[in-house]
Amino acid sequence: MLEVTALGSRYGRIPALADVHLTVGRGELVALVGANGAGKTTLLRVLSGILPAAGGRVRYDGNDVTRAPARQRVRMGMVQVPEGRQVFAELSVEDNLRLGAFVRPRHEIGPGLERMFGLFPALAAKRRETAGTLSGGQQQMLALGRALMSRPKLLLLDEPSMGLAPRIVAEIFAIVRALKDAATTILLVDQNAQAALGVADRAYVLETGRIALEGRGAELLANPRVQQSYLGL
């Protein structure tokens, strides 16, 4: 589904990513973990077309999208759930979800809404309320639901557990696991390495803009270097 080859990115003259190689197979959940400032969010932004690549290639679903604009990638089914949720605070929960379906035919919106309210019952009870009144966990569910309204082929999840209480983190990762079980292809970025590696089929460790380690999720959970650097063990 996704093949990244020798990818680079810069902020001005400052390199942010260098020679990144990774793949995500159809139906896989692949995690990307690393410390603050390692380049995880930058990588997702380059993949989704928000930031330009400074070198290398991105192939998605058999197509070279390295220079494709973000809107084209969304229409092709590559959809990002941004770090920090970024819901439209003054719009209702339902309208936020409707905005996620802008690339879908009109007749799919109603069934899509009901599907999201079934997946996120907490949102169903607040469908007419403004998104800014929701708790952090509910806003994360809304951001995820908004992305799912587009029926993505590849879901890019950026820090879904950030700033949330442990109970809510468990709920969010239960939803991520359910999406994986439903054969949704996911690239997951999260500083909660324990949770991310625990749910991943495969994973990569990013350090200062480069891939330092890769392997099965369970293998990296047991890796002494990962345990010391990212799990506090």
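The values are calculated or read from the model by the stated rules, or taken from the named source; none is laboratory data. Owing to the predicted nature of the structure, the values given are computational and were not obtained by experimental measurement. Here Cβ is always computed from backbone atoms with ideal geometry, including for glycine, and neighbour counts include all displayed protein chains.
Worth a mention:
- Glu83 over 15 Å from the mean Cα position of the chain (by Cα), among the charged types (D, E, K, R) and surrounded by fewer than 20 Cβ atoms within 10 Å (Cβ to Cβ): no
- Checking each residue in the stretch 174-208 for being closer than 19 Å to Pro152 by Cα, in a helix (DSSP H, G or I) and either in contact (Cβ under 8 Å) with a residue 60 or more places away in the chain or in contact with a strand residue (DSSP E or B) (Cβ under 9 Å, 6 or more places away or on another chain) (or both) picks out Val176, Arg177, Leu179, Lys180.
- Any hit, the stretch 215-226, residues being under 30 Å from Met116 (Cβ atoms) and either surrounded by fewer than 22 Cβ atoms within 10 Å (Cβ to Cβ) or of a type in the set (Gly, Ala, Ser) (or both): yes
- Test: residue in the stretch 130-141 that is in contact with a strand residue (DSSP E or B) (Cβ under 8 Å, 6 or more places away or on another chain) and under 21 Å from Leu179 (Cα atoms): no
- Any chance Arg127 is on the phi > 0 side of the Ramachandran plot and not hydrophobic (A, V, I, L, M, F, W, C): no
- The stretch 145-176 - residue that is within 29 Å of Asn63 (Cβ to Cβ) and among the basic types (Lys, Arg) and, of those, surrounded by the most Cβ atoms within 10 Å (Cβ to Cβ): Arg146
- Test: residue in the stretch 121-134 that is touching a Gly at 6+ places or on another chain (Cβ under 8 Å), modelled with pLDDT under 95 and not in a helix (DSSP H, G or I): no
- Remark: pairs (first residue in the stretch 122-138, free of Cβ contacts under 8 Å to residues at least 60 places away in the same chain; second residue part of a helix (DSSP H, G or I) and polar (S, T, N, Q); Cβ separation under 8 Å; 6+ apart in sequence or on different chains) = Ala122/Gln138; Leu123/Gln138; Lys126/Thr133; Lys126/Gln138; Ala131/Asn96; Ala131/Gln139.
- The number of residues in the stretch 209-233 that are of a type in the set (A, V, I, L, M) and assigned to a strand (DSSP E or B) comes to 3.
- Considering each residue of the stretch 121-140 in turn, at least one proves to be out of contact with any Leu (no Cβ under 7 Å at 6 or more places or on another chain) and within 18 Å of Asp158 (Cα to Cα).
- The residues of the stretch 157-201 that are of a type outside the set (D, E, K, R), in contact with a helix residue (DSSP H, G or I) (Cβ under 9 Å, 6 or more places away or on another chain) and within 22 Å of Val74 (Cβ to Cβ), listed by number, are Leu157, Pro160, Ile175, Val176, Leu179, Thr184, Ile186, Leu187, Leu188, Val189.
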